[in-house]
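For reference, the structure discussed in these notes is given below.
The values are calculated or read from the model by the stated rules, or taken from the named source; none is laboratory data. Bear in mind that the values here come from a model prediction, so they are computed numbers and not experimental data. A quick note on method: Cβ atoms are made from the backbone with ideal geometry, for glycine too, and the neighbour counts reach across all protein chains shown. Only protein heavy atoms, including side chains, enter the accessible area calculation; ligands, DNA and RNA are left aside. Shrake-Rupley method; radii C 1.70, N 1.55, O 1.52, S 1.80 Å.
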Amino acid sequence: MENNILFKGIMPALVTPVDDSGKIKKDVLKKLVDWQLSFGVSGFYICGSTGEGLLLRPEQRMEMLEATLEAVGGRVPVIDHIGAMNLDDTIALARHAEKAGAAAISSIPPIYFAYSDDDVYNYYKAITDAAALPMVMYCYPGARPMPVSLIERLMQIESVIGLKWTNPDYYSLERVKQINGGNINVINGPDEMLVCGLAIGADAGIGTTYNVMPGLFVKLYGSFKSGDVDTARKLQDGINNVIAELLKTNAIAATKVVLESMGFDVGECVKPIRHLTSDEKETLIEKVNSFVDFEKQEIKENKK
């Protein structure tokens with residue numbers, strides 16, 4: 001049996017920097033990628049929820065992948081989320097990802113309509129038949145519940161190596177990690193619960209707030225893996241002070257606001273994601289800066 005655990009470490013779910021005309025801001029993306037890599041991130045995940053993939057046109061998503069691969073320059077792997085409402089678009093994006101040089105593809109299951117488990121199986125089978133890349137399923141209960149039994153069945157599809165688990169149900173994740181005798185690439189999704197995911201056996205983490213706190217998440221991951229669980233827990237606590245503020249409005253929009261304040265001109269979110277007001281932005285920046293030194297990637301002491 002081949003080793004399915006291809007991805008380990010901290011992988012930011014990159015925001016998509018776009019200008020007013022919808023073009024990818026390649027210079028901003030390169031600057032952001034280089035900065036995050038300087039803190040030791042292990043790869044990138046693009047065009048998922050954080051990257052607003054479902055709100056972008058297919059050609060924008062293709063442009064984002066090509067720009068990210070160019071910015072990364074082969075230093076770390078890039079996982080391309082190619083899920084779309086229309087299967088033809090999904091397959092076109094998967095084929096483009098293979099041609100462009102992505103390390104893997106990822107997809108949420110088909111959503112909104114009442115798809116059966118058989119429909120979900122056939123969806124992933126169609127994608128993996130179309131592109132010879134490893135597939136990382138995106139399991140998020142807000143899109144569609146993915147019971148352990150279905151995940152076990154999907155893992156029988158050639159090229160499916162594991163999943164991104166954006167779900168606070170860590171009992172089910174523990175059950176998932178038993179599939180294939182543990183030969184399943186489990187990637188933690190909830191940023192605020194990375195310690196929980198690692199404790200249950202996650203191999204890696206992908207998250208929104210990794211964009212602004214890459215160094216802190218790298219330290220957390222390294223501390224946990226070295227056996228210093230107490231330090232990992234303290235880092236999670238400090239990180240969660242920032243996350244709590246981001247969640248008061250819209251986490252993706254708020255993350256972009258924080259990046260703007262740090263000198264990364266990533267632009268606003270794609271509508272209909274609402275844009276924060278000037279007062280909301282000012283309050284957010286003041287609050288998160290009281291918790292973390294983003295330049296040094298250090299938690300400020302005694303801040304709550």
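Accessible surface for the stretch 61-164, divided over its residues, is 42 Å² per residue with a 1.4 Å probe. Rounded to a whole number, what is D in µm²/s for the stretch 217-274 from Stokes-Einstein with the Kirkwood radius over alpha-carbon pairs (10 °C, 1.306 mPa s)? Translational diffusion coefficient: 122 µm²/s. Scaling against 2.2 N^0.38 Å puts the C-alpha radius of gyration of the stretch 205-304 at 1.09. The alpha carbons of the chain occupy a box of 50, 47, 37 Å along the principal axes, longest dimension given first.
With all protein chains in place and a 1.4 Å probe, the accessible surface of the chain carries 50 percent carbon and sulfur.
With the cut-off at 25 Å, tell me which of the pairs LYS248/LYS300; LYS256/LYS296; LYS8/LYS234; LYS31/LYS125; LYS125/LYS177 have Cα atoms farther apart than that. From LYS248/LYS300; LYS256/LYS296; LYS8/LYS234; LYS31/LYS125; LYS125/LYS177, over 25 Å: LYS31/LYS125. If only the Cβ of Lys and Arg carry +1 and only the Cβ of Asp and Glu carry -1, the dipole of the stretch 125-234 around its Cα centre is close to 40 debye. Under 5 Å between amide hydrogens, built in the peptide plane, is the criterion, and for GLU298 it picks out ASP293 among residues at least 5 positions away or on other chains. Treating each Cα of the stretch 1-112 as an identical point scatterer and summing with the Debye formula, the log10 of I(q)/I(0) at q = 0.12 Å⁻¹ comes to -0.39. Extent of the stretch 140-213 along its three principal axes (Cα atoms, max minus min coordinate, largest first): 36, 25, 24 Å. Here the scattering of the stretch 59-118 is modelled by Debye summation over its C-alpha atoms, one equal scatterer each and no solvent; at q = 0.19, 0.27 Å⁻¹ the log10 of I(q)/I(0) is -0.68, -1.12. Across the options PRO58, ALA114, SER42, the greatest Cα extent toward the positive end of the charge dipole of the stretch 41-124 (unit charges at beta carbon of Lys, Arg, Asp, Glu) belongs to SER42. Applied to the stretch 61-74, the Karplus parametrisation 6.51 cos²θ - 1.76 cosθ + 1.60 on θ = phi - 60° returns per-residue 3J(HN,Hα) values of 5, 5, 5, 5, 5, 4, 5, 5, 4, 5, 5, 6, x, x Hz, with x for Gly and Pro.
Towards the positive end of the charge dipole of the chain, with charges on Cβ (+1 Lys, Arg; -1 Asp, Glu), say which of TYR123, PRO190, LEU154 has the farthest Cα. Result: PRO190.
Comparing mean-square fluctuations of TYR123, TYR221, TYR115 from a GNM of the chain with C-alpha springs under 10 Å, the top value falls on TYR115. Ordering of 197-208, 259-270 by packing is 197-208, 259-270, highest average first (other Cβ atoms within 10 Å, averaged per residue).
Of ALA13, ALA130, ALA104, the residue with the greatest mean-square motion in the GNM of the chain, using alpha carbon springs below 10 Å, is ALA130. Between ASP34 and ASN183, the simple label model (points 7 Å from Cα in the Cβ direction) yields a spacing of 4.2 nm.
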